[in-house]
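*Asks:* Pasting in a structure now, in structure tokens, and then I'll have a few things to ask.
The values are calculated or read from the model by the stated rules, or taken from the named source; none is laboratory data. Everything quoted here is computed from the prediction, not taken from an experiment. Positions of Cβ are backbone-derived with ideal geometry, glycine not excepted, and every protein chain shown enters the neighbour counts.
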Amino acid sequence: MLGVLKDRTYRHLFAAQLVALVGTGLATVALGLLAYDIAGASAGAVLGAAMTIKMVAYVGVSPLVGAVADRLPRRAFLVSTDLLRAGVALCLPFVDSVWQVYVLIFLLQAASASFTPTFQATIPDVLPDERDYTRALSLSRLAYDLESLLSPVLAAALLTLVTYQGLFTATTLGFLASAALVVSVLLPKAAPSGRRDGVWRRITLGARVFLATPRLRALLAMNVVVAAASAVVIVNTVVIVRGVLGRGEVEVAIALGCYGAGSMAVALRLPRLLDRLGDRPVMLPAGFLLTAVLAGAAAIMALAPATAWPLLLFTWLLLGAGTALILTPGGRLLRRSCDQADRPALFAAQFSLSHACFLGTYPLAGWLGAAAGMGTTLLAFAGLTLAAALLAVCAWPAGDPRTLTHVHADLHPGHPHLHDAETVGAGWWGHRHEFVIDRLHTRWPQRETEPVDTR
């Protein structure tokens, strides 16, 4: 898996992602301490509002960026968002009122909502071979999991030397290092779409491709599965461990560590599994695995605390593994379902839609847990994941080919099939298919004469 790091461009981009993630993790710890300094006992409400602002920025800003990303120089755009994040982090230690925190958090998260999908859409161009790209996805998953485990430890170590304001300085340095690493490499130019669509059609392009492509409709349902399982872990772990099982703060960290360990274990083995089985046989069963695990966790709540504790750790390990089985291959589906010019829009849509799911499941997990108890909450979320997993199975045909027989109309000048196209009338976003109207072609740069791969 580490072989992809031999590519200098990808190696620098991966290092940029890693240092930016660490900086973000340090900022999360520092933000909690800042909120307590400003709001005291109301710090929880401030942090809750800040998290809501984060999700709103993710959902609202990324489609706007996806609409113009193909018109912007990638390297300059990525560096500018890193510099904006560094500037915001540098300002945070000097705020003295809650509204200032909210404004700066929105700017910080808007910059992240601009950087992340553009960065993700760049990697398939840097690593055009699917095997290499799959390994890059696994490395990215490992980076996220390691950040969630190591950032709190690093923050604790730094707090023995500096005040929490110093964590914001470390965050600034992380974003500056990320910008320097991006500047150090040449990135492939974004392919121009050549479309003359209006602003609204460009903004909604990614979402419309999602709705029109069977495998992406399934991915949208699987986003709900991941959001439900993750919300239970992130929102309710502390309540379950401390309130239900009567354990301490260290045990909360251990339970969250098990969740991350499960995800990392899967990320390490997943490239070979995907090479052998393909995406659908890996992702769809994972949805039902998470359903079963959440239902099992509900049963654990009725056991004696001494018996429930080791079972809970194993359950959280499986939840981490199941979410990684769904999250990691998602980039492969996006890459396969559009041409190069539309990747920024599609990756932005995935970023926005997946976080919209979190925007619903996070508050639901907290409210239902407080109102109905953990057992009922876990059963309700098991039902939610089951419904979403069934929708994914129905949306994703078993014989889903990589290449579909199709013809085009209203092709933009740079479309790779321009010389093969027949005029059959414009579809609802400029393409209409002879095969099935809503089964968009899946790898536009390929010729129709290539053999169908039904993995």
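*Asks:* Are any residues in the stretch 120-134 out of contact with any Pro (no Cβ under 7 Å at 6 or more places or on another chain) and more than 15 Å from residue 186 (Cβ to Cβ), and if so, which ones?
*Replies:* 120, 124, 128, 129, 130, 131, 132
*Asks:* Right, next: Report, by residue number, each residue of the stretch 237-251 that is more than 21 Å from residue 385 (Cβ to Cβ) and crowded, with 17+ Cβ neighbours inside 10 Å. So that I can check it myself, show each step before the final result.
*Replies:* If we filter the stretch 237-251 for residues that are more than 21 Å from residue 385 (Cβ to Cβ), which is where we start, we get 238, 241-243, 245-251.
Once the filter is applied, which keeps residues that are more than 21 Å from residue 385 (Cβ to Cβ) and crowded, with 17+ Cβ neighbours inside 10 Å, the stretch 237-251 yields 241, 245, 247, 251.
*Asks:* May I ask you to list the residues in the stretch 56-71 that are buried (at least 20 other Cβ atoms within 10 Å of the Cβ) and either of a type outside the set (Gly, Ala, Ser) or farther than 16 Å from residue 102 by Cβ (or both)? If you could, list the steps in order and put the result at the bottom.
*Replies:* At the first step, the residues of the stretch 56-71 found to be buried (at least 20 other Cβ atoms within 10 Å of the Cβ) are 57-58, 61-63, 65-67, 69-70.
If the condition is that a residue be buried (at least 20 other Cβ atoms within 10 Å of the Cβ) and either of a type outside the set (Gly, Ala, Ser) or farther than 16 Å from residue 102 by Cβ (or both), then 58, 61, 62, 63, 65, 66, 67, 69, 70 are the ones that fit.
*Asks:* Quick check, is residue 194 farther than 21 Å from residue 267 by Cβ, among the small types (Gly, Ala, Ser) and modelled with pLDDT under 85? Spell out the reasoning first.
*Replies:* Details: farther than 21 Å from residue 267 by Cβ: yes; among the small types (Gly, Ala, Ser): yes; modelled with pLDDT under 85: yes.
Here the answer is yes, as residue 194 does meet what is asked.
*Asks:* Next question. Give 52, 81 a once-over and let me know the one that is touching a Ser or Thr at 6+ places or on another chain (Cβ under 8 Å) and of a type in the set (Val, Ile, Thr). It would help to see each step written out before you state the result.
*Replies:* On the way: 52 fails: touching a Ser or Thr at 6+ places or on another chain (Cβ under 8 Å).
Only one candidate qualifies: 81.
*Asks:* Residue 348 - would you say it is surrounded by fewer than 19 Cβ atoms within 10 Å (Cβ to Cβ), in a helix (DSSP H, G or I) and at pLDDT below 90? Please lay out each step first, then the result.
*Replies:* On the way: surrounded by fewer than 19 Cβ atoms within 10 Å (Cβ to Cβ): no; in a helix (DSSP H, G or I): yes; at pLDDT below 90: yes.
So residue 348 fails the test.
*Asks:* Still on this structure: Scan the stretch 272-299 for residues that are surrounded by 21 or more Cβ atoms within 10 Å (Cβ to Cβ) and farther than 19 Å from residue 225 by Cα and report the count.
*Replies:* Residues in the stretch 272-299 being surrounded by 21 or more Cβ atoms within 10 Å (Cβ to Cβ) and farther than 19 Å from residue 225 by Cα: 1 in total.
*Asks:* Starting from the stretch 144-160, keep only residues that are over 14 Å from residue 30 (Cβ atoms), then list their pairs with residues that are of a type outside the set (A, V, I, L, M) whose Cβ atoms are within a distance under 6 Å, requiring at least 6 positions of separation or different chains.
*Replies:* Going by the 6 Å Cβ cut-off, the qualifying pairs are 145/260; 145/263; 147/25; 148/260; 149/260.
*Asks:* From 334, 284, 268, 317, grab the single residue that is in a helix (DSSP H, G or I), in contact (Cβ under 8 Å) with a residue 12 or more places away in the chain, of a type outside the set (D, E, K, R) and within 22 Å of residue 236 (Cβ to Cβ). Walk me through how you get there before you give the answer.
*Replies:* Working: 334 fails: within 22 Å of residue 236 (Cβ to Cβ); 284 fails: within 22 Å of residue 236 (Cβ to Cβ); 268 fails: within 22 Å of residue 236 (Cβ to Cβ).
Unique residue meeting the criteria: 317.
*Asks:* With the checklist (1) more than 17 Å from residue 226 (Cβ to Cβ); (2) modelled with pLDDT of 85 or more; (3) surrounded by 15 or more Cβ atoms within 10 Å (Cβ to Cβ) in hand, flag the one item residue 412 doesn't pass.
*Replies:* (2)
*Asks:* Next up: Would you mention how many residues in the stretch 74-101 are under 27 Å from residue 353 (Cα atoms) and at pLDDT below 85?
*Replies:* Total satisfying the criteria: 1.
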